[in-house]
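Colleague: The structure is given below, and queries will be raised subsequently.
What follows is calculated from the coordinates using simple rules that are stated; it is not laboratory data. Every value quoted in this text rests on a predicted model; they were computed, and no experiment measured them. Quick reminder, even Gly has a Cβ in these numbers, built from the backbone with ideal geometry, and neighbours come from all protein chains shown.
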Amino acid sequence: MTKQIVYADNAATCALSEKALEAMLPYLKAEYANPSSVYSLGRDSRRAVEKARETVASAIGALPEEIFFTSGGTEADNWALKSLAKRFEREKRHIITTSIEHHAVLNTLGRIEESGFEVTRLGVNEFGQISIDELCCAIRGDTAFISVMAANNEIGTILLSPEIGSRARERGVIFHTDAVQAVGHIPIDVRAMNIDLLSLSGHKFRGPKGTGALFVRRDSALLPDMLGGGQERGKRSGTENVAGIVGLAAALDDSVKNMKKNSERVCALRDRLIEGVLKIPRVRLTGHPVKRLPGIASFVVECIEGESMVMMLDHYGICASSGSACSSGSQEASHVLLATGLPEQLARGSIRLSLSEDNSSEDVERILQICQGRRPPAGIVAIMEIIRALKCIFGFSAASYFIFSVRRLAFVSSPIRWLSKAFCMALLCVHLSSRPFSIYGSAASYCLASAVAKYQAIIMLT
Amino acid sequence: MFGEEYSDKVIDHFMSPRNSGILPDPDAEGMCGDPNCGDSLTIYLSVKDNIIEDISFLVYGCVAAIATSSMTTELAKGKTLEEAAKITDKDITQALDGLPENKLHCSALGAEALKDAINNYYVRYRLK
């Protein structure tokens, strides 16, 4: 039995594009020479790498000599931040960033902070946006650089605006942006936006994994990261990942050329998904309603823990992810959601569905069908809402005691009582056999438990 | 999770938890965890002649927490209070065919909530 798989985790990584694969294949087969070799086969590889560099540069409005290939977004972030810190450590020891950065930036800056820098982490509003005024106020005489992500990976909010770069430029502060989620999805022009350094990652726009690049404006000196044979103009030694670099460039070229078309389509799918999921009771959208990446739909669900939702959706063949990291023994709520002001319990119930141009509207309908489950008739919903209100006011057990005593008081002839009991049991079966994270139809977790409790309560009432 | 996966039994109990919900008129209830910032489990007991006649739970937590809670109630049902009080987190983990290492702490949730419920029963009926 083959399960129908709906891949809705494109912000984690996405499938390699056909174009990228095609471009890569020769360099995995016949064209295997080292680009540093002087014979013609080597020169072919060199040409391929340099052509890729030009492609990447033109995709973000940069010059080819400003692009350095890396092993991914994390390396690009680490390299950029550590290099800047090293460069400024004697004169300026203040850094500005946001509280919702990716861990590649968050943890690198944490380490830099330990070495004696002062880091200002700008707070965000409920949508995950920073305030430009606050950013300007935070700039001091000894501010070395600003690092603000272009778009958030968990909630999809777009933070990058031309103003950040122009304000930084006015004050003579270097501006780095972690654009891993944004490049290839939204238009980025490093000149127009006054970006000094930019990190990008290949596999977020359908390139191969293990590839990335760092853009560094010509006049902002970059210290070498890897030492060795002096590749990448002496800044990052190590034989170039030729096939990877070619694949990254092909995928980026494809993404940028089709950006408008893809973005319109994916946005429409995303909006349909958001609209449908928000119909489920007790679900909230996270991130900005409009200023968000085309593919990312992210939510928090009351009363259900994130990992449970992911596993449940997985059972139905839907690949999604949860912002809540649940690895080191203790389950921690996402720092991004906490920064947007959500309470911890709610932040732990996060779910992110991220779409790409590969997804169809059938995929979205399938996700919605699974998530929404079958809704009970309006009358039952009303009764359940009353019971829920009771629960909120008196607490769970108190509500059940209350209902229990009502039942004791009620004088109903037994055949009718049994009949309605059977009716409610049937309803219960119907709804329990249906879908995950609808509050009425979940097969697991507190949510299910409360659904059962509600039905039990109705059964008792009758 | 580093290569460690959930056993089929864990997934089974996660997908169709046994004894979930609340009992209408429980003799005792026990809690473990903090509902505001972590996993929490409430167990309801209905006791007759010193035997756990009915048991149910409400849980907020990850896959392992849900499976553990379900298995705890499964293990405790039909046992005498003394026997049930002896159920340890190891018993629960074993009954689930093991848990990933970083989820082992979840099984403590089940054992502790059960013990708490049994204690509360004793307190309520002044048996100890």
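Colleague: List the residues, sorted by chain then number, that are 5 or more residues from B:Ala28 or on another chain and whose placed amide H is less than 5 Å from its amide H.
Modeller: B:Leu45
Colleague: I'd like the orientation of helix B:63-76 relative to chain B: the angle between its Cα long axis and the longest Cα principal axis, in ° from 0 to 90, rounded to 10.
Modeller: Here the helix axis deviates by roughly 40 degrees.
Colleague: Need one number: nm distance between label points at B:Thr88 and A:Tyr39, each 7 Å from Cα along Cα→Cβ, rounded to one decimal.
Modeller: Label at B:Thr88, label at A:Tyr39, 6.8 nm between them.
Colleague: How large is the translational diffusion coefficient of the stretch B:8-124 in µm² per second when you combine the Kirkwood radius over alpha carbon pairs with Stokes-Einstein at 20 °C and 1.002 mPa s? Mind showing how you got there, number by number?
Modeller: Numbers: Rh = 13.6 Å.
For the chosen part, D equals 157 µm²/s.
Colleague: Nearest 5 percent is fine: what portion of the DSSP beta bridges confined to the stretch A:18-257 is antiparallel? List each step's numbers first, then the result.
Modeller: Values: 10 of 26 bridges.
If I count the DSSP bridges inside the stretch A:18-257, around 40 percent turn out antiparallel.
Colleague: Quick one, what does Rg over Rh come out to for the stretch A:116-226 if you take C-alpha atoms and the Kirkwood Rh? Can you show the working numbers first?
Modeller: Details: Rg = 14.3 Å, Rh = 14.9 Å.
A ratio of 0.96.
Colleague: While we're here: Could the peptides A:30-38, A:190-198, A:215-223 be put in order, highest first, of the mean number of other beta-carbon atoms found within 10 Å of their residues? Show your work: numbers first, answer last.
Modeller: Details: A:30-38: 14.0, A:190-198: 21.6, A:215-223: 16.2.
Top to bottom by mean Cβ count within 10 Å: A:190-198, A:215-223, A:30-38.
Colleague: Under 20 Å Cα to Cα from A:Lys92, which lysines show up? Leave out anything in the same chain fewer than 8 places away.
Modeller: In chain and number order, the partners are A:Lys82.
Colleague: On alpha-carbon atoms, Rg over Rh for the stretch A:18-257 using Kirkwood Rh? Kindly include the intermediate steps, with their values, before the conclusion.
Modeller: Numbers: Rg = 17.8 Å, Rh = 18.1 Å.
Over the Cα atoms of the stretch A:18-257, Rg/Rh equals 0.98.
Colleague: Provide a whole-number value for the mean count of partner chain Cβ atoms within 10 Å of the Cβ atoms in peptide B:9-21. Kindly include the intermediate steps, with their values, before the conclusion.
Modeller: Details: counts 0, 1, 3, 0, 1, 7, 6, 4, 6, 0, 2, 11, 11.
Taking the mean over all residues of the peptide, I get 4.
Colleague: Cα-Cα over 19 Å: which of A:Lys260/A:Lys291; A:Lys86/A:Lys204; B:Lys90/B:Lys115? Don't skip to the end; give the middle numbers.
Modeller: Details: A:Lys260/A:Lys291 16 Å; A:Lys86/A:Lys204 29 Å; B:Lys90/B:Lys115 14 Å.
Over 19 Å Cα-Cα: A:Lys86/A:Lys204.
Colleague: Normalised by the number of residues in the stretch A:18-120, what is the relative contact order in percent for Cα pairs under 8 Å and 6+ residues apart? Walk me through the numbers before you get to the answer.
Modeller: Numbers: 70 pairs, mean separation 16.7, N = 103.
Worked out over the stretch A:18-120, it gives 16 percent.
Colleague: Taking amide H atoms as placed 1.01 Å from N in the peptide plane, list the residues 5 or more away in sequence, or in a different chain, whose amide H sits under 5 Å from that of A:Ile318.
Modeller: Answer set, sorted by chain and number: A:Val6.
Colleague: Still on this structure, I have one more. Only Cα pairs under 8 Å and at least 6 apart count here; give the relative contact order of the stretch B:8-124 as a rounded whole percent.
Modeller: 32 percent
Colleague: Output the antiparallel fraction of DSSP beta bridges having both residues in chain B, as a percent to the nearest 5.
Modeller: 95 percent
Colleague: Related question: Enter the Cα centre distance for the pair the stretch A:193-272 and the stretch B:79-128, rounded to the nearest angstrom.
Modeller: Centre-to-centre distance over Cα atoms comes out at 53 Å.
Colleague: May I ask you to evaluate 6.51 cos²θ - 1.76 cosθ + 1.60, the Karplus curve with θ = phi - 60°, for each residue of the stretch A:362-367 and list the ³J(HN,Hα) values in order in whole Hz, giving x for glycine and proline?
Modeller: So the J values, rounded to whole Hz, are 5, 4, 4, 4, 5, 4.
Colleague: How large are Rg and Dmax for the stretch B:21-77 when calculated on the C-alpha trace, in angstrom?
Modeller: In Å, with Rg to one decimal and Dmax whole: 11.5, 37.
Colleague: Oh, and also: What is the Cα centroid distance between the stretch A:133-161 and the stretch A:85-106, reported in whole angstrom?
Modeller: Value for the Cα centre distance between the two parts: 11 Å.
Colleague: For chain B, which span is the longest to avoid every loop-located (per DSSP) member of chymotrypsin sites (Phe, Trp or Tyr not before Pro) having at most 15 other Cβ atoms inside 10 Å?
Modeller: After excluding every exposed loop site, the longest remaining stretch is B:3-124.
Colleague: Still on this structure, please answer the following. What residues have an amide H closer than 5 Å to that of A:Thr120, excluding those fewer than 5 places away on the same chain, when H is modeled at 1.01 Å from N in the peptide plane?
Modeller: Correct list: A:Ile95, A:Ile96, A:Thr97.
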